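Student: Could you have a look at this structure, given as structure tokens, before my questions?
The values are calculated or read from the model by the stated rules, or taken from the named source; none is laboratory data. Because the structure is a prediction, the values reported are computed rather than measured. Here Cβ is always computed from backbone atoms with ideal geometry, including for glycine, and neighbour counts include all displayed protein chains. These accessible areas exclude ligands, DNA and RNA; they are computed on the full protein's heavy atoms, side chains included. Shrake-Rupley method; radii C 1.70, N 1.55, O 1.52, S 1.80 Å.
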Amino acid sequence: MEWQGIVTLITLFAVLSSLALTRVSADLVLMAALAFLLISGILGPAEALAGFGNPGVITIATLYVVAAGLKETGAVQWIARRLLGHPKTEKGAQLRMIAPTGILSAFMNNTAVVAMFIPAIQDWAQRLGVPASKLLLPLSYAAILGGTCTLIGTSTNLVVDGLLQSTLGINLGLFELAWVGVPLLLVGGTFLVLFASRILPDRGGVTEELDLVRQYGVEVEVMAPGPLVGKTIAEAGLRALNYGYLTEIDRGGRLITAVDPDRTLQAGDRLYFVGAPECASELRRIQGLKPANGSVHKLDVANHQRCLVEVVLGPEFPALNKTIRDSQFRTRFNAVILSLSREGKRVPGKLGDITFRMGDTLLLEASHQFAEQYRFRRDFLLVSALNDSTPPDFHRAPRAMGILVLMVLVSASGLLQIMEAAFLAAGAMIASGCITASRARRSVDLPVLVVIAASFALGNAMTETGAAQWVAGGLLGFGALTPWLALAIVYLLTAIFTEVITNNAAAVLMFPIALAVSEQLGVNFIPFAIAVMFAASASFITPLGYQTNLMVYGPGRYQFFDYVRIGLPLSGLVALTAIVLIPLVWSF
């Protein structure tokens, strides 16, 4: 091996060490490696930048827009509320959660599925009286396993498929991975249902202490007709919100103050909640409720351009000492007051009769531009928009689901490649109003795409310099290996890599090594590529190995050892199943 190969291996070791031992972001580390390989002359510009034009990377970027369209319309929440139901036991709860999560993750990015399911599962866990820590980690694992069932289920599958296209001209079918992915989902899901509640600890939930935060009163009305009419408070998901609680119901002028969880909702009921500002955002995500404040509907701002904003009134606010009703706030600021907090406490009485005082904190519904427009005006001492508070447009949820189904059908039928189908689906999401062009642009996770694309440079350097062949020779140097044993070694090495670095980087780095192993054994490469694909996704042992594992770390209040305790046996079970099945489906 010449000096280029030695330098490439040193660079690879430096990248792995930086990702595992430092807090430097992965995109910076891999772009630095790309720049070094380019400047040192080990790679030319075409080889170094090949990842940015890879079909798999482009497909991932396009699918971000499709997933965002599903999120903006509340389609996943709409599905979750119908599929989760009201199981009686923890095992029943895990089964009702794992099945829809696995199925959804097979057809959309599993990171997006987990992001949208976390608040729904937290609400659901509180409603059932089940600790959230018993459900959130199985949620992540189910999404990972579900993602292995189809080509579009996880970005890793698309990355390896892109490598197969560029290296060997091979295109995998949308459901080709299902022969192994579905058994993995069944085996892993069964393990989680049987053992997760025993292995995982009860760490409670992350619920805000409402007496320590700014308290607001938020009033909403049950829509008629709507999906909540005839349901009980508990069934509607209104009994155990993360950021607020239901205090009373106004039913046709009659006040119901002792709110029983089994009380049935009627059309036109006005529900009064007390809680943190995020309570208003939670209520917006429940289909069948609308703000009781009629002024919200008069606001001259489209639904997808709205968000919740907190403002603190300053000494130059023009309506100090006037009531909210007399202030003409909506006309003056094009924003609607939802609630008012004074000295951290809600102010009792009708909202319109409350008199403004300096220092009052208002919760507003306004446009996305409101914060920028009034941040430096003297009317307000502070202007702060709440993250992710745009109300979902549930009317477009069936449209978004229809676009997803059509994308899957067109791709599965072979009429279009997955990249082409994804482009059409993303365009349809924008054209149909499921998501705006500006939000579509913001939905693309650029750092993740940079990590994937830049890691291709390391993979190309491993192939071009002969470093991959040298590593493969070292693996085969332990003795005469059968193809099955070599496949197991490639799988386990990839699985170790993916626990300490990103799953996509692990796949890209192991791909040339797996190719070299198959060439030296003189056998079919496809089983080895599939092994890399599954092993790179099967990250269960650490929170760092897969993005969804990290996403549930805080909400579940997990500790590092919780992942090890349940992840090790699950990884072993999944590895054994995959290593046995892969050669049976794709022969050597």
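For (1) at pLDDT 85 or above; (2) open to solvent by 20 Å² or more (accessible area, probe 1.4 Å); (3) among the aromatic types (Phe, Trp, Tyr); (4) at negative phi, each residue gets a yes or a no:
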position	(1), (2), (3), (4)
Glu176	yes, yes, no, yes
Arg198	yes, yes, no, yes
Gly204	no, yes, no, no
Glu209	no, yes, no, yes
Arg214	no, yes, no, yes
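Student: While we're on this one: Does any residue in region 313-339 that is over 12 Å from Ile354 (Cβ atoms) and without any contact (Cβ under 8 Å) to a residue 40 or more places away in the chain come within less than 9 Å, Cβ to Cβ, of a residue that is in a helix (DSSP H, G or I) and open to solvent by 60 Å² or more (accessible area, probe 1.4 Å) six or more places away or on a different chain, and which pairs are these?
Tutor: Listed by first residue and then by second, the contacts come to Arg330/Lys298.
Student: Taking Leu49 as the residue in question, decide whether it is closer than 26 Å to Ile170 by Cα and open to solvent by 60 Å² or more (accessible area, probe 1.4 Å).
Tutor: Criteria met by Leu49.
Student: Which of (1) over 15 Å from Leu509 (Cα atoms); (2) open to solvent by 30 Å² or more (accessible area, probe 1.4 Å) is the odd one out, the single condition Met31 does not satisfy?
Tutor: (1)
Student: A further question follows. Checking Met533 against (1) at pLDDT 90 or above; (2) over 20 Å from Leu509 (Cβ atoms); (3) buried (at least 24 other Cβ atoms within 10 Å of the Cβ), only one condition comes out false. Which one?
Tutor: (2)
Student: Of everything in region 220-233, what is open to solvent by 70 Å² or more (accessible area, probe 1.4 Å) and either over 14 Å from Lys290 (Cβ atoms) or in contact with a Phe, Trp or Tyr (Cβ under 9 Å, 6 or more places away or on another chain) (or both)? Give them in sequence order.
Tutor: Once the filter is applied, which keeps residues that are open to solvent by 70 Å² or more (accessible area, probe 1.4 Å) and either over 14 Å from Lys290 (Cβ atoms) or in contact with a Phe, Trp or Tyr (Cβ under 9 Å, 6 or more places away or on another chain) (or both), region 220-233 yields only Lys231.
Student: Name every residue in region 339-382 that is aliphatic (A, V, I, L, M), in contact with a Gly (Cβ under 9 Å, 6 or more places away or on another chain) and not in a loop (DSSP other than H, G, I, E, B), in order of residue number.
Tutor: Leu340, Leu351, Leu381, Leu382, listed by residue number.
Student: Do you know which residues across region 340-350 are surrounded by 12 or more Cβ atoms within 10 Å (Cβ to Cβ), in contact (Cβ under 8 Å) with a residue 60 or more places away in the chain and not hydrophobic (A, V, I, L, M, F, W, C)?
Tutor: Across region 340-350, the qualifying residues are Ser341, Lys345, Arg346.
Student: As an exercise: evaluate Ala467 against (1) over 15 Å from Val15 (Cα atoms); (2) out of contact with any Leu (no Cβ under 6 Å at 6 or more places or on another chain) and give the number of the one condition it does not meet.
Tutor: Exception for Ala467: condition (2).
Student: Which residues, taken from region 400-417, are part of a helix (DSSP H, G or I) and either more than 21 Å from the chain's Cα centre (by Cα) or without any contact (Cβ under 8 Å) to a residue 60 or more places away in the chain (or both)?
Tutor: Listed by number, the residues that qualify are Gly402, Val405, Leu406, Leu409, Val410, Ser411, Ala412.
Student: Condition first: open to solvent by less than 20 Å² (accessible area, probe 1.4 Å), more than 30 Å from Arg332 (Cβ to Cβ) and among the polar types (S, T, N, Q). Now tell me which residues in region 376-421 satisfy that.
Tutor: Ser411, the sole residue that qualifies.
Student: Would you check if Arg284 is modelled with pLDDT under 85 and either charged (D, E, K, R) or open to solvent by less than 70 Å² (accessible area, probe 1.4 Å) (or both)?
Tutor: Numbers: modelled with pLDDT under 85: yes; either charged (D, E, K, R) or open to solvent by less than 70 Å² (accessible area, probe 1.4 Å) (or both): yes.
Yes.
Student: While we're here: Give region 134-174 a look and list any residue that's assigned to a loop (DSSP other than H, G, I, E, B), open to solvent by 10 Å² or more (accessible area, probe 1.4 Å) and of a type in the set (Gly, Ala, Ser), or say none.
Tutor: Gly169, Gly173
Student: Among all residue pairs at least 6 apart or on different chains, which show Cβ distances below 7 Å where the first residue, located in region 138-164, is free of Cβ contacts under 8 Å to residues at least 24 places away in the same chain and the second is polar (S, T, N, Q) and in a helix (DSSP H, G or I)?
Tutor: Matching pairs, first to second residue: none at all.
Student: Follow-up. Kindly provide the set of residues from region 68-83 that are open to solvent by less than 10 Å² (accessible area, probe 1.4 Å) and at pLDDT below 80, ordered by number.
Tutor: Of the residues in region 68-83, the ones open to solvent by less than 10 Å² (accessible area, probe 1.4 Å) are 69-70, 73-76, 80.
Those that are open to solvent by less than 10 Å² (accessible area, probe 1.4 Å) and at pLDDT below 80: Gly74, Ala75, Val76, Ala80.
Student: Right, Ile582: open to solvent by 10 Å² or more (accessible area, probe 1.4 Å) and at pLDDT 80 or above or not?
Tutor: no
Student: Taking into account only those residues within region 381-436 that are among the β-branched types (Val, Ile, Thr) and in contact with a strand residue (DSSP E or B) (Cβ under 7 Å, 6 or more places away or on another chain), which is nearest to Glu282 (Cα to Cα)?
Tutor: Checked region 381-436; the qualifying residue nearest to Glu282 (Cα to Cα) is Thr390.
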